[in-house]
Each structure stands twice: as structure tokens, then as C-alpha cells.
1. For residue 82, are the conditions met, namely being closer than 30 Å to residue 140 by Cα, hydrophobic (A, V, I, L, M, F, W, C) and either touching a residue at least 24 places away in the same chain (Cβ under 8 Å) or not in a loop (DSSP other than H, G, I, E, B) (or both)?
2. In this structure, is residue 90 hydroxyl-bearing (Ser, Thr, Tyr) and at pLDDT 95 or above?
3. Considering only the range 123-146, state which residues are surrounded by fewer than 17 Cβ atoms within 10 Å (Cβ to Cβ) and either touching a Ser or Thr at 6+ places or on another chain (Cβ under 7 Å) or closer than 23 Å to residue 230 by Cα (or both).
4. Criterion first (assigned to a helix (DSSP H, G or I) and either crowded, with 22+ Cβ neighbours inside 10 Å or not assigned by TED's automatic domain parsing to the domain that holds residue 20 (or both)) does residue 177 satisfy it?
5. Somewhere in the range 54-74, is a residue more than 16 Å from the ligand (Cβ to nearest atom) and more than 24 Å from residue 6 (Cα to Cα)?
6. Here is a list of conditions, (1) touching a Leu at 6+ places or on another chain (Cβ under 7 Å); (2) within 14 Å of the ligand (Cβ to nearest atom), and residue 81 meets all of them except one; can you say which number that is?
7. Looking at this structure, is residue 103 more than 16 Å from the ligand (Cβ to nearest atom), buried (at least 18 other Cβ atoms within 10 Å of the Cβ), closer than 27 Å to residue 123 by Cα and in the same structural domain as residue 192 (by TED's automatic domain parsing)?
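The values are calculated or read from the model by the stated rules, or taken from the named source; none is laboratory data. Worth saying up front: this structure is predicted, and the values here are computed from it rather than measured. Note that each Cβ is placed from the backbone with ideal geometry, even for glycine, and that neighbours are counted across all protein chains shown.
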Amino acid sequence: MIVAPAIFSVLFGLAFGSFLNVCISRLPRHESIVHPGSRCPACMRPIVPGDNLPLLSWILLGGRCRNCGWRIPWRYPLVELAMAALFLLSCLIFGVTVEGVGVAILCFLLLGLSVMDAETMLLPDSFTLPGIALGIVYSGLRGGWRAGLLACAYALAAAAIILLIRGAYLLVRKQEGMGLGDAKLLALIAAWLGPWQTLLALFLGVIAAALFGVLWMARKDRSGFRKLRLPFGSFLGAAAIYVVFEGEPILKWYFQFFR
Ligand SMILES: [Zn+2]
């Protein structure tokens with residue numbers, strides 16, 4: 001029966017989404033994720049456990065701090081909802097297997113990094129580096145030690161690709177296009193997903209970022225566009241989440257032309 005695991009995956013997703021919100025708020029500022037406990041950023045009052053339930057508390061409190069009425073950003077309920085949806089998808093598509101649990105962990109990392117990059121333009125090492133290590137372990141668990149070694153090689157190659165693009169951009173435009181965080185994020189994706197899905201995620205991420213840039217340019221005047229810095233990691237992370245679930249059919253369709 002898939003009903004019980006599905007319900008559990010939603011509850012786990014909400015809980016992990018709530019924890020992810022803490023990581024997103026604190027890690028880019030190098031703050032501890034355990035101490036101090038949850039506080040309202042506006043009035044600094046500790047949040048009582050009853051007001052700290054994922055999603056439910058936000059609805060019951062009308063999206064405001066009980067003490068000072070500070071409006072809780074939409075990001076909080078949205079991340080919790082997205083995490084629940086992604087955990088449920090992992091469970092329904094991959095089942096309660098090494099792959100299903102692995103995909104859920106990968107979604108946690110990718111969603112967190114996407115939101116952090118969008119909010120702060122930072123992809124913290126405290127998420128990317130353990131993420132790479134977990135990806136290597138995951139590949140090893142699924143395919144043996146050879147697969148683990150290969151995952152290391154894919155991660156290094158992926159980082160090298162971003163560093164090359166970054167170097168070329170620096171030479172031509174004399175400014176930073178992609179950050180070192182982007183290199184570590186692509187390495188993470190490669191350790192988990194292997195070369196083909198990683199290339200697909202990179203391709204889709206670049207397309208999405210370019211599309212966003214063009215739409216932005218159409219909305220604003222051109223001078224605004226020059227100053228626009230896109231959080232490329234957000235597009236790359238979102239593309240990778242898409243590829244986790246939809247990458248296989250797309251790659252199958254693509255490879256049929258080479259048979
Ligand atoms: Zn408050």
C-alpha cells in the first residue's frame with residue numbers, strides 16, 4: 001500500500017520544509033541553525049512550539065507574528081508546501097527505496113540552495129559541500145564503489161566546466177558571470193545525477209536564466225538590464241529538480257536520434 005508512505009512523506013516534507021526555512025534564513029549569514037531557537041526577526045520574541053507548526057501555524061496566525069504583527073514572508077509557507085510536494089513525488093515515483101529517499105534528500109538540498117541564491121546571491125558551502133559528499137555516498141549505495149568513484153569524477157568535471165565558463169566570461173567581459181558557488185552546485189548535481197542529467201540541467205538552467213533576462217529587459221529599460229545580476233544557482237537548482245523527475249524521458253527522446 002502506498003497510502004501510508006504517501007501521508008508520511010507529506011508530513012516529513014512539511015517538517016523538513018520548516019527546518020529548511022531555518023537553514024535558508026541563517027546559513028548564508030553564517031549563523032547557527034540550532035541556537036538560538038526560532039524567533040520572530042522583527043520583535044525577537046521566541047516563537048512558542050504551538051505557533052511553530054509548519055503551514056498550519058501560518059494559516060491560523062493569518063501570516064503574522066502573534067506578538068508584534070510582523071508579516072511572515074510568503075517564502076515560509078511556500079517552501080514548506082514545496083518540500084511536502086517534492087517528498088510526496090519522490091515517494092510516489094521512486095517508492096520507499098534508496099532511490100526514493102535519495103531523491104527526497106537531493107530535492108531538500110536543491111530547493112534550499114535555489115531559494116538562498118535568490119534571496120542572498122549566496123550558495124553556502126555548508127550546503128554544497130556536504131551535498132557533494134552525500135551524492136557520492138548515494139551513487140556508491142546504488143551502484144557499488146565503482147559508481148562512487150565515478151560520481152567523484154563527474155563532480156570534478158562539472159566544477160571544471162563552470163570554472164572554464166567563468167574564466168572565459170572574466171576574460172571577455174572583465175566581470176564575474178558565475179560564482180564559485182555555481183561550480184560547487186553543478187558538482188553536487190553531477191555527483192547525484194551523473195553526466196547526462198547534469199548536462200540537461202545545465203542546458204535548461206541556462207535557457208531559463210536567459211529567458212528571464214530577456215523578459216526582464218523587455219519590462220525595464222536597457223540601463224536596468226546592465227545592472228541586473230541573475231542568481232544563476234536558482235535557475236540551475238530548479239532545472240535540476242525538474243530533471244530529477246522528468247529528465248529520463250527527455251534524454252530517451254534525445255538519444256533515439258543517435259541510434
Ligand atoms: Zn514579532
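1. Values: closer than 30 Å to residue 140 by Cα: yes; hydrophobic (A, V, I, L, M, F, W, C): yes; either touching a residue at least 24 places away in the same chain (Cβ under 8 Å) or not in a loop (DSSP other than H, G, I, E, B) (or both): yes.
Considered against the rule, which asks whether it is closer than 30 Å to residue 140 by Cα, hydrophobic (A, V, I, L, M, F, W, C) and either touching a residue at least 24 places away in the same chain (Cβ under 8 Å) or not in a loop (DSSP other than H, G, I, E, B) (or both), residue 82 comes out as yes.
2. When the stated conditions are applied, residue 90 passes them.
3. Looking only at the range 123-146, we keep the residues that are surrounded by fewer than 17 Cβ atoms within 10 Å (Cβ to Cβ), and these are 125-126, 129-130, 133, 137, 141-146.
125, 126, 129 - these are the residues of the range 123-146 that are surrounded by fewer than 17 Cβ atoms within 10 Å (Cβ to Cβ) and either touching a Ser or Thr at 6+ places or on another chain (Cβ under 7 Å) or closer than 23 Å to residue 230 by Cα (or both).
4. no
5. Scanning the range 54-74, I find at least one residue that is more than 16 Å from the ligand (Cβ to nearest atom) and more than 24 Å from residue 6 (Cα to Cα), so the answer is yes.
6. (2)
7. Considered against the rule, which asks whether it is more than 16 Å from the ligand (Cβ to nearest atom), buried (at least 18 other Cβ atoms within 10 Å of the Cβ), closer than 27 Å to residue 123 by Cα and in the same structural domain as residue 192 (by TED's automatic domain parsing), residue 103 comes out as yes.
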